[in-house]
Every structure is written in structure tokens, then in C-alpha cells.
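Asker: Take a look at the following structure, please.
The values are calculated or read from the model by the stated rules, or taken from the named source; none is laboratory data. All of these numbers come straight from a predicted model, not from anything done at the bench. Cβ sites come from the backbone with ideal geometry, for glycine too, and all protein chains shown count toward neighbours. These area figures cover heavy atoms from the full protein model, side chains too; ligands, DNA and RNA do not enter into them. Shrake-Rupley method; radii C 1.70, N 1.55, O 1.52, S 1.80 Å.
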Amino acid sequence: QTSKKLVNSVAGCADDALAGLVACNPNLQLLQGHRVALRSDLDSLKGRVALLSGGGSGHEPAHAGFIGKGMLTGVIAGAVFTSPAVGSILAAIRAVAQAGTVGTLLIVKNYTGDRLNFGLAREQARAEGIPVEMVVIGDDSAFTVLKKAGRRGLCGTVLIHKVAGALAEAGVGLEEITKRVNVVAKAMGTLGVSLSSCSVPGSKPTFELSADEVELGLGIHGEAGVRRIKMATADEIVKLMLDHMTDTTNASHVPVQPGSSVVMMVNNLGGLSFLELGIIADAAVRSLEGRGVKIARALVGTFMSALEMPGISLTLLLVDEPLLKLIDAETTAVAWPNVAAVSITGRKRNRVAPAEPQEALDSTAVGGSASKRMALVLERVCSTLLGLEEHLNALDRAAGDGDCGTTHSRAARAIREWLKEGPPPASPAQLLSKLSVLLLEKMGGSSGALYGLFLTAAAQPLKVKTSLPAWSAAMDAGLEAMQKYGKAAPGDRTMLDSLWAAGQELQAWKSPGADLLQVLTKAVKSAEAAAEATKNMEAGAGRASYISSARLEQPDPGAVAAAAILRAILEVLQS
């Protein structure tokens, strides 16, 4: 079936897209009656060379995103993936000539329709006495054997816009710009790879790929590539692309070898997530540097797309210092990225992390027996949580994303790993601080953060003494921190409900002569009752609060877990 697209009409989509860009960019104007965008300050270009480019729409931000001081003077847009009309190209040439420019360079991608229409407009303009030159860019490195049609024009064309724009801005003449651009165009190559096709508004996808295939060497119009390859890791796909692009037996290869200096472009073909784009960029940098290639500049982003095609193209341009100066020259074009004018190869990419503060030796630390008891308690807590994994996940599926048990098991495994390294600190304050760091790092989720906060705060009162009143104060401090940052209150159907109920009972520890186990037993029973009571509560905080059913049938998994942890502690202390 036809793909969904946010358009007003299929017929008007190219006009509307261009109008939107111009409406939001004061440096651009439309040429009335034509699908042409021009610099608003045309009159400031007197005596300089004008640069016009363009082609089908659907490649946004190309081509109109590259209009500006230091780049293009204007662009002519066709319908989606369709070459623009001769009449509009001619109108654009006349408009820039009228503004007093001393000649026009047409930068055209190597497609038959574009060559014909721009070529026709050029001939007519020359007949009218306007000096017009044309360069045809073919940077495609897909084809091992050259066809008569030659190499397709792809994302590398954007680099040509930049180089020609810098030369024109510097006042270089038409013939000289044409000559230099032709030389630069020969020193680059582009290769695309896609996970699936795109679809033109109002149409079905342009080609079908099975789930385990990717298309290598495709163009920017959804046309199929040179071969299909099996789905692989980003590293493998990038390696394959670079091997293909630099293979000297490939007629359209880029002559990049160890010691070469390049500008690298990682171009999103339109539908790839930024996450994947970063992964591909990392793979490309590692792969190129591993081959001894110096990356002078790296451009990562969307430069020339193919509608919503989920794929990328890689462009490599061989550069020397004079060419880099042109790449680095200033431009106001909105789609050109803010690239640092330094080589990325050979730069230090890491900073040493600050050292952890040294822990002061704790005066309240007792000998080995306390440490052993701590280890037993933690072991019991871990086995309890691992045993509850499925149950907690099931409870969580009712109201959340079903991972509460998994999160708690992750914490339990992390604690077990840590216990293998040696006995835990005997000092309760150090133990709680260590656990808090461990859970923040390994547990993840909001539970990890909440337990981390609870333990960090609870450790503070235990630094001075470890009497029963101090343990009660520790519980109070932990609960206060949880409420302050977690925004939950008792009765909101969260893990806080169990802990709060236990905390109320532990207040008894503050009275002289209170019994450790008697009070703790009461606290555990109270926590378990509170966990059970969360069944009948309306979720006021946490993820469950977004669920529309006001009352959920099961108790809150976080509250159940917290009560189970307290029960595990009690059982070890009783034995």
C-alpha cells in the first residue's frame, strides 16, 4: 500500500517544502512563478560569479539548505526525484545575471534528466549573451565497471558546492572556478548502503529488501544498488563499504591509501536514527585510521537525503592544505555544519577521570564478625531478589514495562560479584555508601537511582555512631531523600510505601532499652502489610501513575521488593 506522508497534497509537496525553508530563513527568497530559491542579498554579488545548483526534491536539506554567503547563490527544485524544468533554470540564470553577477556556474549531478535540462538552459542563456559554465559531478564509487552513463552524482556534490562557493566568495573568475572544481570532483567518491527503500509521496516503496538484507551502492532516488549483502554489524558494513570504495580494481574507486588526508562525510539518507549515525561515524573513523588514512575533517549529519530511506552514504575527498582552507571558509548556508577547522586524526580524545576521594578510616569499624554478618545479610538479600525475578516482572507488566524483577536481579548479581572480591567493609556507613555506588552504576532504572539516594543519605547518620537510634535516624534520612528527589509520598503506590511503614515502626529504636529484633520484626510485618495494601491504592507517582485504570489489581512490585529485602535482613539477624 501507499506509505503515509505528512503532506498537503502529492502535487504540491515540492513547492510546500521549499516555501517552508524560505519562510523560516530570512537569507532566502523565492523567484515568483518558479520553484527557485535565491539568496536575498543578490545585489551584493555584483562583479562576482553566481553558483546555481538543484535537481529533484526529496534530497533535503539539499539543495536549498546550501544557499548562502560562501556557498550557492540559488537552486532550482524539481518535483520529488525529478529533474527541474528548463524554464525555471533559465529564469534563475537570468535573475542572477540581472543582479550584476559576472557569470554563472551550474553545478549538476550526473543524471540524464539533469544533464539535459541544465544543458538546454545553459545553451539558451549563452545565446542571450550570459556567460554560463556547467560542471557535472559523478562521485559514485559503486560501479566496478564504468557504464556509458558514468558515475552518479551523490552527496559529494555538497563538498563541490562548498569549494566553488568559497572560490566565488573570494572573487575568483568563472573559468578558474570551473577548472578547479573539475579537478576536485575527480578526487572524491561516495558509496551508499540502505536497510530498506524509501517511497515517493503517493507511491509504494521503490524496492523491496528482505529482513536480513541490505542494499550496497544505491543512489539517492531509491533505485537499487550494485549488490545485496547479508545484514551485518555496523563495523562490518563500514569495512565492506571502504574496501569497495578504495579497491583499485574498481573503475570508480577513490585513490585513498595509507598516508592520504581526507575529508570524510557520513551522510544520513533520511531515515536513520542519530544513534546509528554516531555508531557508523565511530566505525568509519576507526576503520579509516586503522588503514593509516588521516581524517582532516569529519562531517556527520543529513546533507543529501533520499526522503526517508534508512541508510547512509560515506564520502571521501582527498585534500591538501589549500583545499582545506576552502572547506573551512565561512558560510551562512543553514545546512552546512559547524565543523572545527582542525584535523580529527592525532587528537587526544580522552580526558583522565578524577580520582575517587580516599575514604577516611572509620573509627566505628568493628572486627571480622560484623563484616561476616554483613556478608550473610547481603547474600540472603541477593538470593531473595533473584528468586523473585519472575514474580516482580509479572507484577510490573500490569502497570509498567515489566522489568522490575530484571532490574532487581541485576542489582543482586552486581552485589554478589562485589562480595566475591573480598569481605564487605565492617563499618555500616562505608557499607551503605559502597552499595549505593554499586547500585547506581549497575542496577539502572529509577529503582537504582532511588536505592542509591536512599543508601547515600542513610549512610550519613551512621558515620558518627551505629547505635539503634542512629539506625532509626538512618532510615529517616533515607526516606527523606527518596521523597525529596523521587517526588513520591506514602500512599502513592510505590516502593516508598513499604519502607515508610517500616520506618514508622523503627522510631521505637530511639527509646532507651528498645529491642533490636522485636522492633525489626514489627517493622517487617508492617512493611509487608503496606506492600499488600498498595493493591488498593491509586498510583500517584512512578510509571504506574500514567496508567488510566485508577485501580490496579496487583500490589506494586517495588513495594513488594522492598518488603522482601527487609524480611531477608530480619531472617539472617534472627538466626
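Asker: Of the residues Glu215, Glu223, Glu176, Glu236, which single one is under 18 Å from Ser313 (Cβ atoms) and either part of a helix (DSSP H, G or I) or outside the structural domain of Pro322 (by the TED database) (or both)? First the steps, then the outcome.
Answerer: Details: Glu215 fails: either part of a helix (DSSP H, G or I) or outside the structural domain of Pro322 (by the TED database) (or both); Glu223 fails: either part of a helix (DSSP H, G or I) or outside the structural domain of Pro322 (by the TED database) (or both); Glu176 fails: under 18 Å from Ser313 (Cβ atoms).
Checking each option against the conditions leaves just Glu236.
Asker: Name the residue that is most open to solvent (accessible area, probe 1.4 Å), counting only residues in the stretch 421-439 that are modelled with pLDDT of 90 or more and aliphatic (A, V, I, L, M).
Answerer: Val437
Asker: Going by what's in this entry, would Thr466 be described as in contact (Cβ under 8 Å) with a residue 40 or more places away in the chain, of a type in the set (S, T, N, Q) and within 26 Å of Leu395 (Cα to Cα)? Steps first, answer last, please.
Answerer: Details: in contact (Cβ under 8 Å) with a residue 40 or more places away in the chain: yes; of a type in the set (S, T, N, Q): yes; within 26 Å of Leu395 (Cα to Cα): no.
It is false that Thr466 is in contact (Cβ under 8 Å) with a residue 40 or more places away in the chain, of a type in the set (S, T, N, Q) and within 26 Å of Leu395 (Cα to Cα).
Asker: Right, here's the next one. Hey, among Thr178, Thr144, which residue is within 19 Å of Val256 (Cα to Cα) and of a type in the set (Ser, Thr, Tyr)? Give the derivation first.
Answerer: Values: Thr178 fails: within 19 Å of Val256 (Cα to Cα).
Checking each option against the conditions leaves just Thr144.
Asker: Could you please let me know if Lys525 is surrounded by fewer than 16 Cβ atoms within 10 Å (Cβ to Cβ) and within 28 Å of Gln554 (Cα to Cα)?
Answerer: Details: surrounded by fewer than 16 Cβ atoms within 10 Å (Cβ to Cβ): no; within 28 Å of Gln554 (Cα to Cα): yes.
Judged against the criteria, Lys525 is not a match.
Asker: Separate question: Taking interchain pairs and intrachain pairs at least six residues apart, which have beta carbon atoms under 7 angstrom, with the first residue in the stretch 64-83 and touching a residue at least 12 places away in the same chain (Cβ under 8 Å) and the second among the acidic types (Asp, Glu) and assigned to a loop (DSSP other than H, G, I, E, B)?
Answerer: Pairs that qualify, where the first residue is touching a residue at least 12 places away in the same chain (Cβ under 8 Å) and the partner is among the acidic types (Asp, Glu) and assigned to a loop (DSSP other than H, G, I, E, B), are Gly70/Glu330.
Asker: State which residue pairs qualify: first residue of a type in the set (Lys, Arg) and inside the stretch 1-29, second residue buried (at least 18 other Cβ atoms within 10 Å of the Cβ) in any location, beta carbons under 7 Å apart, and separation of 6 or more residues or different chains.
Answerer: Lys5/Pro201
A quick yes/no check of all residues on (1) at pLDDT below 95; (2) outside any loop (DSSP other than H, G, I, E, B); (3) on the phi < 0 side of the Ramachandran plot:
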{"residue": "Asp492", "(1), (2), (3)": "yes, no, yes"}
{"residue": "Lys525", "(1), (2), (3)": "no, yes, yes"}
{"residue": "Thr534", "(1), (2), (3)": "yes, yes, yes"}
{"residue": "Gly540", "(1), (2), (3)": "yes, no, yes"}
{"residue": "Ser545", "(1), (2), (3)": "yes, yes, yes"}
{"residue": "Glu553", "(1), (2), (3)": "yes, no, yes"}
{"residue": "Val572", "(1), (2), (3)": "yes, yes, yes"}
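Asker: Then there is this: Residues in the stretch 202-222 that are open to solvent by 10 Å² or more (accessible area, probe 1.4 Å) and either of a type in the set (Ser, Thr, Tyr) or touching a helix residue (DSSP H, G or I) at 6+ places or on another chain (Cβ under 9 Å) (or both): how many? Break it down into steps so the answer makes sense when it comes.
Answerer: The initial filter retains those residues of the stretch 202-222 that are open to solvent by 10 Å² or more (accessible area, probe 1.4 Å), namely 202-213, 221.
From what is left, the residues that are either of a type in the set (Ser, Thr, Tyr) or touching a helix residue (DSSP H, G or I) at 6+ places or on another chain (Cβ under 9 Å) (or both) are 202-203, 206, 210.
Final tally of qualifying residues: 4.
Asker: I would also like to ask the following. What residue, among those in the stretch 179-199 that are assigned to a helix (DSSP H, G or I) and in contact (Cβ under 8 Å) with a residue 60 or more places away in the chain, is surrounded by the fewest Cβ atoms within 10 Å (Cβ to Cβ)?
Answerer: Selected residue: Val181.
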